[in-house]
Structures are given as structure tokens and as C-alpha cells.
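These notes concern the structure reproduced below.
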Amino acid sequence: MLMNMKELLAVAYEHHFAVGSFNVANSEFVRVVVDSAEEKNAPAIIQIHPNEIELLGDEFVAYVRERCKNAKVPMAIHLDHGASVKDVMRAIRNGFTSVMIDASHASFADNIAITKEVVKLAHNVNVSVEAELGTIGSNEGSSEGGADEILYTDANDAKTFVEDTGIDTLAVAIGTSHGQYKHAGKPELKLDLLAEINEKVGIPLVLHGGSDNKDEEISQTYLHGVAKINLSTDMKSAFFEEMRRFLTANQSAYEPDVIMPSARKAAQQVVKQKMDLFNSTNKAHLYFC
């Protein structure tokens, strides 16, 4: 069942769980997410970064839409880190049900102005909007962008930003980074800051950089307003590590139906574990009441 993300996250926010939002880079990852969601009876979001859509082509989204429409659980299709109005319009034309405009590196005033423009365009066609305030860090190996230094979201600025822009959900910076923490210790998330932001804004919050963090901290975030957790690195790493292992052991293999299944299964194990961690397992029934 394909949904607008505002509607999808409203249920998660009310019932204190987070919906996993998984970056897909080919049809194998789409299958990983949808099959895992159906097995876990969990809502899920498929998100595609502009870098990934350049790799896949616009036509790929038509396949994703059909797969999500036919899923037995609630799904949304989301543009991850759209950098411009052009990125957003491309996603809307392709049939995404949600978009992110990331003007977090601009000034506060410019971030508001750019986001307001996107909200007007998207809401006119029933597409939800996520924006970001503060900056997410970036670790080595990530193609999703980020900043060398994390700028934490200010709770009072968040309140003003949400009121002025009319966004549906806000990505907050509380200490996460994109990619794996290979050269630094895993961060301590600022859960007290998260709680303060949630109290002031009253809309679903988003945690970017959901991979490679402490489970005990992640499990606290959806108690303080996080309704969407982005995940890419952990899933992709499991997929390609298993593929490397398989190809090393089977060097003459070349058929995808021989090579892919074990890699897909490894990625699914990660996704299903994350759905349990995010408390979204067995929550799909809440959307059919």
C-alpha cells in the first residue's frame, strides 16, 4: 500500500515507534526492504538519493511505485537529501510520495525561504516534505553528504522553522553521521536535546545516519518524537560483504540468480533486525483500523 509519508509517520509518532527508511541502489534492495517489511508486518519507506537516481534512471521509480502499491504493508517513496527545487520537482514528476529539501548548509533565513517554496509546490500535489535543521556528520565512504563538523539543532530555532515553513517532518542533528564510524568512536546521541526539540515542535522527527549507532540509544529516540530513522550503510554493507564472500568462494559464478540470493538474505537480516529495534515490527495493522 503506497502512502503519503505525512500519513505514514503520523501513526508512528502517535504510537511511539519509528519507520525505517532505507536507501535503495537497485531492484535487489527494493526487494530486500519490501520482503522484510511484509515478513515483519511493518510499515517501511523506500528512499532514493539524487546520486542513486542518477545511477538508476527515472524509469526505475515506476517499478518502485508498482512494488510499493502492491505491498501488503504501508509504504512510502521518499527523496533523500534533495539539494534543490530541481531535485524535488524531478522526484514529484517521477511519482515520489515524499521529498526532502536539504538546505541545512544555507543560512537560517535562506533555509526557511527555500523550504517554504518546496512546501508550497509539494503540498499542492499531496506530497509531504521533510527538511533539515543543523548538520549531520559524514564518515568516510558515504556518498550521502554531510558536514565535517556536526552543528546541533537548536530547539528554539526548530520551533520557528517548523512554524514558518509548514513542513511535515523535521530532520534533526543530535550527533549522528552518515556512513560507518571507522575512524572515531560511536557518538553519544543528545537525547535530552531531542526531547526538548520534540516538546517545542510537535511534529514527527527524523534521525539521519541511523547505521552503526548504539542500539540502546536508538531505542530511546522514538520515545522522544523520532518517527523515521534513515538506514543505508548497515544494509548495503551486509549485502556487499556477503557478495564478496560468495564470489571469492565461487569464482566461476556469473548468473545473478546464483550470486544474489545469499547477499539479499544477509541484507534482509539487517533490515529485519532494525525493524525490531525501531519497534515497527507488527505495527502495520495500525494503518488498517
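Full-extension gain between Glu216 and Glu66, please, as 0.36 nm times their residue separation minus the C-alpha to C-alpha distance.
Details: separation 150, 0.36 × 150 = 54.00 nm, distance 3.58 nm.
Here the answer is 50.4 nm.
Bridging of Lys200 to aspartates and glutamates at a Cα separation below 15 Å is possible for Asp154, Asp157, Glu163, Asp164, Asp168, Asp192, once same-chain residues fewer than 8 apart are set aside.
So what is the calculated 222 nm ellipticity per residue for the chain, using -39500 (n - 2.57) for each DSSP H run with n of 4 or more, over all residues, to the nearest 500 deg cm²/dmol?
Numbers: 11 runs with 137 residues, N = 289.
One gets -15000 deg cm²/dmol as the mean residue ellipticity at 222 nm.
Given a Förster distance of 22 angstrom, what is the FRET efficiency for Asn124 paired with Glu59, based on the Cβ-Cβ distance and rounded to 0.05? Calculated transfer efficiency: 0.35.
Hey, which of these cross-link pairs are over 25 Å Cα-Cα: Lys86/Lys159; Lys6/Lys265; Lys228/Lys283; Lys86/Lys236; Lys40/Lys190; Lys69/Lys190?
Working: Lys86/Lys159 27 Å; Lys6/Lys265 30 Å; Lys228/Lys283 14 Å; Lys86/Lys236 27 Å; Lys40/Lys190 30 Å; Lys69/Lys190 37 Å.
Violating the 25 Å Cα-Cα cut-off are Lys86/Lys159; Lys6/Lys265; Lys86/Lys236; Lys40/Lys190; Lys69/Lys190.
Rounded to 0.05, the FRET efficiency of the Leu191 and His105 pair, given R0 = 22 Å and the Cβ-Cβ distance, is 0.30. For the range 1-140, relative contact order (Cα pairs under 8 Å, six or more residues apart, normalised by length) works out to 24 percent. Within the listed set Glu255, Glu59, Glu39, the residue fluctuating most in the Gaussian network model of the chain (springs between alpha-carbon atoms under 10 angstrom) is Glu255.
Size descriptor for the chain, Kirkwood hydrodynamic radius: 18.9 Å (Cα pairs only, one decimal).
Largest mean-square fluctuation among Asp192, Asp168, Asp80, in a Gaussian network model of the chain whose springs join Cα atoms under 10 Å apart, belongs to Asp192. Cross-link reach is defined here as a Cα-Cα straight distance under 14 Å, omitting same-chain residues fewer than 8 places apart; for Lys72 the aspartates and glutamates meeting it are Asp35, Glu38, Glu39.
Length available on full extension from Asp257 to Thr160: 0.36 nm per residue minus the Cα-Cα distance, which gives 29.7 nm. Here each label is just a point 7 Å from Cα along the line to Cβ, and for Ala249 and Phe288 those points are 3.7 nm apart.
Every number in this text was worked out from the coordinates using simple rules, so none of it is lab data. For clarity, every value in this text was computed on a predicted model and none was experimentally measured. Ideal geometry is used to build each Cβ from the backbone, glycine not excepted, and the neighbour counts take in all protein chains shown.
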